[in-house]
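The values are calculated or read from the model by the stated rules, or taken from the named source; none is laboratory data. Keep in mind the model is a prediction, meaning the values are calculated, not measured. Cβ: placed from backbone, ideal geometry, glycine included. Neighbour counts: every protein chain shown.
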Amino acid sequence: MNHHRKLVPNYRGVKYTGVQLPLETQPWLHGKKRSLQSRRQSHRQTAQQLQQLVERYEWSWPGRTVYFFSDLHADAEALTASLVASGGVRLKARDRRQLKLTGEGKRAQFLIGGDCFDKGPSNLELLKTLNKLHRRGADMRILAGNHDVRVMLGMRSVNRRDAPGCEHFFIRMGAKAVPFLKELNDRYLGRAHHLKNVPGKKQCRQRLYPPDRWFDEFPLAVAELLPQKVIDKELQRVREKQVDFEQRCEEAGLSIRRAYAAALQWQRLFLRDKGEFSWFYKRMRLAMRKGSFLFVHAGLDNNIAHLIDQNGVKQLNREFKKQLKGDPMRFYYGPVANAIRTKYRPGDRQLTGAGARQVHANDMHVIVHGHKSMRNGQRITMRKSIVHFECDVTLDRHSRARDGLKGAGAGVTIIRPDKKILGISTDHPYVKVFDPNNLLGSGV
């Protein structure tokens with residue numbers, strides 16, 4: 001199990017994180033179903049299929065190490081522990097402000113794979129830790145996640161009436177928005193005078209909730225984008241969340257006026273040029289390519305494959321930025337946003353063999369993504385001949401409690417220029433080592 005022991009990062013300051021990290025290595029496929037998803041065939045058959053794909057398509061590797069972290073969900077402690085797990089950051093005390101780059105970290109790239117928001121315990125503390133990492137000199141990139149985009153569209157829709165049919169985006173966030181609103185209120189709006197210019201309850205509801213006419217306008221507006229079954233489900237969800245939202249606010253000690261004021265505060269912090277967190281969405285992109293590796297939050301479909309084939313990843317990111325600032329409804333329910341929310345389910349936009357061939361034709365053979373929560377560390381699956389590394393290792397404490405995972409979470413996927421991939425997680429006893437030159441090894 002330990003022939004790759006030298007690949008284990010030097011966890012500098014792990015004693016300050018409260019997590020236990022693996023100290024020995026294991027060939028990736030020896031993790032069996034915990035490391036490789038098998039569909040309707042044995043583990044050996046699936047491993048052989050993976051071997052055939054690796055041999056068929058020669059991978060171009062990044063010129064320097066990439067640390068991939070995904071689905072941090074407002075847990076700054078999980079982020080800090082994961083940074084230590086990468087070996088790219090050292091921690092000198094329990095205070096996250098004491099983090100510093102190691103020599104390896106100065107040479108590497110830190111890629112945040114989306115879903116920084118929601119669930120908790122603190123959206124703002126997570127963002128401050130990310131900004132601290134950037135100011136320490138890290139080459140940090142941020143990918144868009146469905147939670148990040150949904151929060152932006154929801155908060156931006158407050159008081160915005162220039163996009164008919166989109167007035168539901170705030171309430172569509174539902175109960176998930178309440179902890180963030182509470183955090184904004186407590187951090188920035190704690191005094192009575194902060195509500196001086198905030199209208200009464202009735203007007204606040206009108207500015208936060210979609211008008212009655214929306215329930216008639218929305219089906220017409222999205223008829224060409226969504227099937228009727230999805231439209232009906234969306235209408236039902238909005239009705240349910242309208243009923244639930246104010247009750248959740250009351251449980252959190254948040255009046256509807258304070259919820260409205262907090263949404264406006266979010267706009268000041270994130271959307272104004274000099275806002276404290278305006279850097280977050282400015283740095284965000286949809287995808288990043290390194291050699292044969294494409295990094296996205298969720299996955300691909302034929303539309304994205306075609307856009308990449310026609311114009312490349314840089315143009316795809318430009319299109320994402322353009323649509324993010326445009327009609328929110330056509331963006332969120334359209335093909336570009338599918339890359340931040342697909343789980344390759346029948347209702348999602350599909351990746352077929354034709355799309356996969358376009359991806360391979362552009363020398364991209366590996367998708368590295370998050371979005372799909374794993375309970376035993378990172379996992380490989382294959383979809384339409386494209387190798388996918390699933391890297392959402394369930395980091396935040398609320399998701400861990402929901403899934404029955406013990407202890408604090410930490411994890412990172414490391415793509416190395418020496419043609420090895422490491423999967424590190426608190427939920428697998430070994431560092432998983434993917435070595436294409438010794439893929440099957442013994443014991444498979």
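So which residues in the range 79-95 are in contact (Cβ under 8 Å) with a residue 12 or more places away in the chain and surrounded by fewer than 19 Cβ atoms within 10 Å (Cβ to Cβ), if there are any at all? Passing the criteria: Lys92, Ala93, Arg94.
Checking the structure you have, find out if any residue of the range 326-335 is among the basic types (Lys, Arg) and free of Cβ contacts under 8 Å to residues at least 60 places away in the same chain. Scanning the range 326-335, I find no residue that is among the basic types (Lys, Arg) and free of Cβ contacts under 8 Å to residues at least 60 places away in the same chain, so the answer is no. Note on the range 258-302: residues that are farther than 30 Å from Leu189 by Cα and either outside any helix (DSSP H, G or I) or assigned by TED's automatic domain parsing to the domain that holds Gln206 (or both) total 17.
Among the residues of the range 116-137, the ones that are touching a Leu at 6+ places or on another chain (Cβ under 7 Å) and at positive phi come to 1 in all.
From the list Arg205, Arg237, Arg191, pick out the single residue that is under 27 Å from Leu300 (Cα atoms), modelled with pLDDT under 95 and among the basic types (Lys, Arg).
Every option except Arg237 fails the conditions.
Suppose the filter is among the β-branched types (Val, Ile, Thr), at pLDDT 95 or above and farther than 23 Å from Leu124 by Cβ; does Val8 pass it? Considered against the rule, which asks whether it is among the β-branched types (Val, Ile, Thr), at pLDDT 95 or above and farther than 23 Å from Leu124 by Cβ, Val8 comes out as yes. Taking the range 118-152, which residues are surrounded by fewer than 18 Cβ atoms within 10 Å (Cβ to Cβ) and assigned to a loop (DSSP other than H, G, I, E, B)? Across the range 118-152, the qualifying residues are Pro121, Ser122, Arg136, Gly137. Considering only residues that are in contact (Cβ under 8 Å) with a residue 40 or more places away in the chain and either in a helix (DSSP H, G or I) or touching a Lys or Arg at 6+ places or on another chain (Cβ under 8 Å) (or both), look in the range 100-116 and name the one that is nearest to Glu183 (Cα to Cα). If we take residues in the range 100-116 being in contact (Cβ under 8 Å) with a residue 40 or more places away in the chain and either in a helix (DSSP H, G or I) or touching a Lys or Arg at 6+ places or on another chain (Cβ under 8 Å) (or both), then Ile112 is nearest to Glu183 (Cα to Cα). Restricting the search to helices (runs of 4 or more DSSP H) fully inside the range 155-236 and requiring at least 2 residues that are in the same structural domain as Ile256 (by TED's automatic domain parsing) and aliphatic (A, V, I, L, M) gives 177-188, 214-221. Quick one: would you say Gln265 is surrounded by fewer than 16 Cβ atoms within 10 Å (Cβ to Cβ) and either of a type outside the set (Lys, Arg) or within 20 Å of the chain's Cα centre (by Cα) (or both)? Against the criterion (surrounded by fewer than 16 Cβ atoms within 10 Å (Cβ to Cβ) and either of a type outside the set (Lys, Arg) or within 20 Å of the chain's Cα centre (by Cα) (or both)), Gln265 does not qualify.
Just to verify a result, which residue in the range 9-57, among those that are in a helix (DSSP H, G or I) and polar (S, T, N, Q), is surrounded by the most Cβ atoms within 10 Å (Cβ to Cβ)?
Selected residue: Thr46.
When the strands (runs of 3 or more DSSP E) confined to the range 345-444 are screened for residues that are buried (at least 19 other Cβ atoms within 10 Å of the Cβ) and touching a helix residue (DSSP H, G or I) at 6+ places or on another chain (Cβ under 8 Å), those reaching at least 2 such residues are found at 379-383, 386-392, 411-416, 420-425, 431-434. Just one of the listed residues (Asp427, Asp403, Asp418, Asp396) is more than 23 Å from the chain's Cα centre (by Cα) and assigned by TED's automatic domain parsing to the domain that holds Val89, namely Asp418. If only residues of the range 58-99 that are at pLDDT below 95 and part of a helix (DSSP H, G or I) are counted, the one that is nearest to Arg383 (Cα to Cα) is Arg96. Criterion applied to Lys15, Lys33 was being in contact with a helix residue (DSSP H, G or I) (Cβ under 9 Å, 6 or more places away or on another chain), without any contact (Cβ under 8 Å) to a residue 12 or more places away in the chain and assigned by TED's automatic domain parsing to the domain that holds Phe293, and the one residue passing it is Lys33.
Selection over the range 320-339 of residues that are assigned to a helix (DSSP H, G or I) and over 26 Å from Arg161 (Cβ atoms) gives a count of 2. Looking at Lys119, Lys100, Lys176, Lys182, just one residue is more than 30 Å from Gln203 (Cα to Cα) and not small (Gly, Ala, Ser), and that residue is Lys100.
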